[in-house]
Amino acid sequence: MNPTILEKIKSTYEKEFGEAPQLIVRSPGRINLIGEHTDYNLGFVLPAAVDKGIYMAFGKSEGDTSRLVSVDQQEDFSFDIKQPTFKVEQQWYNYIIGTSSELIGLGAEVEGFNMVFSGDLPQGAGMSSSAALECGTAIGLNTLFDLNLSKEELIKASQKAEHNYVGVMCGIMDQFASTMGKEDQVILLDCRSLEYDYFPLELNAYSLLLCNSNVSHNLASSEYNVRRAQCEEGVAILKKHYPQVTSLRDVTMEMLEEHKAEFDSVVYLRCKYVVEENERVENFCDALKRHDLDEVSDILASAQHAMKTEYEITCPEIDFMADFANEKEEVKGSRMMGGGFGGCTINIVKNEYRETFKKELSAQYKAKFDIDIDFYDVNISDGAHVMS
Ligand code: GLA
C-alpha cells in the first residue's frame, strides 16, 4: 500500500468534487514468470499481481455525466455514461470509458460517476498499467452500483474494453492476474478453461528483480495484433489436417513439423514459439516445485532467446540487459516480460549479489544506450479490491 498516493487521491477528490469519495480501490500491475503471448493462443501463463498499482477514488455523480481526473497526467475528461464519445488513439480515459461501456453492454445499470486516480506503476514497462486501470474501474463500478457481477464477468469486460476501445487484441492474462492475484502466490492459469492454481514462489536465497529498459517502442500494439493474426494463420493451416485444432494450444511440435512445408517461414516460427512456450510453462512449474533453480534459469534463458529469434518481439536494449544477466552465475534466469518491444526484464537474482548486479548492469547499459535503468523490487500481492 502507498499511503502518500492514497492521501493524494482522497484530497484531490474532495477538492474537485466538494465531498469525500464513496469508495477507494487498489488495482495492481502484474508480473509474468513465463508464458508470453500464450494467453490469446489459449495456452498457459504464470503471472502474479504485484505491490505496485493504481489507486482510485470513486463516487456517484448527478445525472449521466461522468468526470475522470488523472492526478499523474494532470488531465481530466468528462463523458456521458450512456453515450460516450472518445478518440481512438490510446488515451488513458479509453480504458475507463471502455470498461464502463462493456459493463453496460452486459446489462449492468452503471450510472454517472466521478473518479480520481494515481499510481506507482510505471507505464509502458510491461507491467500492465492498462489492465490495472480497467480492472480497478470494473471492481469500483461493480461495488458503487451494486452490479453483482462475478469476477469472471469483470475480467472479461475489462479485456473487451482493451479490444474495443483501445484496439489491442490482448489475451486474458493481465486482467486475470490484476483481479485474481493473491499475496505471495503465483497463478498458473489455463487460458482456455480459465482454471487456475495458486502456488508459492519459493526462491530461497534469490528474489525477483525487474529492470526497466525505459524504452517502449510504438510498434508494440500494432505488432501485437500482427502476431495474433500470424498465430491464427497457423491454426487455419493445421485445422485442415486436424479438425480438432481450434488454437495453437491444440498443436504439438510433431504436427507442426509434419506440415512445415505448407507454412510461410515466419508464420512457422511464430507457431513454433507458442507451442514451445506452452511447454516451457509446464517445465518451469515442475522445476520451481522441485526448487531446481538451474533448470528455472535455463528455461528463462531459452524463452528470452525464442522471443528474440522466433517471435521477434524483443529489441536491442532488452537483449542487452537479458544477455548480461543470463551470463551471471548469481542470476537464475532473465527474460523480457509482457507484450514486447521494450519494458522490463524479469530476473531471479541472488540476494547478496543484487546491488553489484544493479551497479554493473546500469553502468554498462548507460555506456551503450545512454539510458538509465530503473530497478523495481516487487512483492507479490492481492488482486484489485475495494479498500474502503
Ligand atoms: C500483453 C497482453 C497480454 C499478453 C502479454 C504477452 O501484456 O495484454 O494479454 O498477451 O502481452 O504475454
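The values are calculated or read from the model by the stated rules, or taken from the named source; none is laboratory data. No experiment lies behind these values; they were computed from the predicted model shown. Positions of Cβ are backbone-derived with ideal geometry, glycine not excepted, and every protein chain shown enters the neighbour counts. These area figures cover heavy atoms from the full protein model, side chains too; ligands, DNA and RNA do not enter into them. Shrake-Rupley method; radii C 1.70, N 1.55, O 1.52, S 1.80 Å.
Within the range 114-129, is even one residue in contact with a helix residue (DSSP H, G or I) (Cβ under 6 Å, 6 or more places away or on another chain) and within 12 Å of the ligand (Cβ to nearest atom)?
Within the range 114-129, one or more residues are in contact with a helix residue (DSSP H, G or I) (Cβ under 6 Å, 6 or more places away or on another chain) and within 12 Å of the ligand (Cβ to nearest atom).
May I ask you to say which residue of Asp51, Asp39 is within 14 Å of the ligand (Cβ to nearest atom) and either crowded, with 21+ Cβ neighbours inside 10 Å or closer than 21 Å to Asp184 by Cβ (or both)?
Asp39
Per-residue answers, yes or no, for (1) within 14 Å of the ligand (Cβ to nearest atom); (2) closer than 16 Å to Ile346 by Cβ; (3) buried (at least 20 other Cβ atoms within 10 Å of the Cβ):
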{"site": "Met173", "(1), (2), (3)": "yes, yes, yes"}
{"site": "Phe176", "(1), (2), (3)": "yes, no, yes"}
{"site": "Lys182", "(1), (2), (3)": "no, no, no"}
{"site": "Gln185", "(1), (2), (3)": "no, no, no"}
{"site": "Cys191", "(1), (2), (3)": "yes, no, yes"}
{"site": "Tyr196", "(1), (2), (3)": "no, no, no"}
{"site": "Ser207", "(1), (2), (3)": "no, yes, no"}
{"site": "Cys211", "(1), (2), (3)": "no, yes, yes"}
{"site": "Asn214", "(1), (2), (3)": "no, yes, no"}
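Spot the failing condition for Ser178; the list is (1) out of contact with any helix residue (DSSP H, G or I) (no Cβ under 6 Å at 6 or more places or on another chain); (2) assigned to a helix (DSSP H, G or I); (3) not assigned by TED's automatic domain parsing to the domain that holds Val331, and only one is missed.
(1)
Give the residues of the range 327-374 that are away from the ligand (no atom under 16 Å from the Cβ), buried (at least 17 other Cβ atoms within 10 Å of the Cβ) and assigned to a strand (DSSP E or B), sorted by residue number.
Val331, Lys332, Gly333, Ser334, Asn347, Ile348, Val349, Lys350
Okay, residues lined up against (1) in contact (Cβ under 8 Å) with a residue 24 or more places away in the chain; (2) in contact with an Asp or Glu (Cβ under 9 Å, 6 or more places away or on another chain):
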| site | (1), (2) |
| --- | --- |
| Tyr224 | yes, no |
| Ile237 | yes, yes |
| Thr252 | no, no |
| Met255 | no, no |
| His259 | no, no |
| Val267 | yes, yes |
| Val275 | yes, no |
| Phe284 | yes, yes |
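Which of (1) charged (D, E, K, R); (2) in a loop (DSSP other than H, G, I, E, B); (3) touching a residue at least 24 places away in the same chain (Cβ under 8 Å) does Glu152 not meet, given it meets every other one?
Against the list (1) charged (D, E, K, R); (2) in a loop (DSSP other than H, G, I, E, B); (3) touching a residue at least 24 places away in the same chain (Cβ under 8 Å), Glu152 comes up short only on (2).
If you go through the range 227-266, how many residues are within 16 Å of the ligand (Cβ to nearest atom) and open to solvent by 60 Å² or more (accessible area, probe 1.4 Å)?
Summing the residues that are within 16 Å of the ligand (Cβ to nearest atom) and open to solvent by 60 Å² or more (accessible area, probe 1.4 Å) in the range 227-266 gives 1.
How many residues, within the range 375-388, are over 16 Å from the mean Cα position of the chain (by Cα), open to solvent by 70 Å² or more (accessible area, probe 1.4 Å) and either under 21 Å from Lys358 (Cα atoms) or assigned by TED's automatic domain parsing to the domain that holds Leu210 (or both)?
Number of matching residues: 1.
If Leu144 satisfies all but one of (1) crowded, with 16+ Cβ neighbours inside 10 Å; (2) within 14 Å of the ligand (Cβ to nearest atom), what's the number of the condition it fails?
(2)
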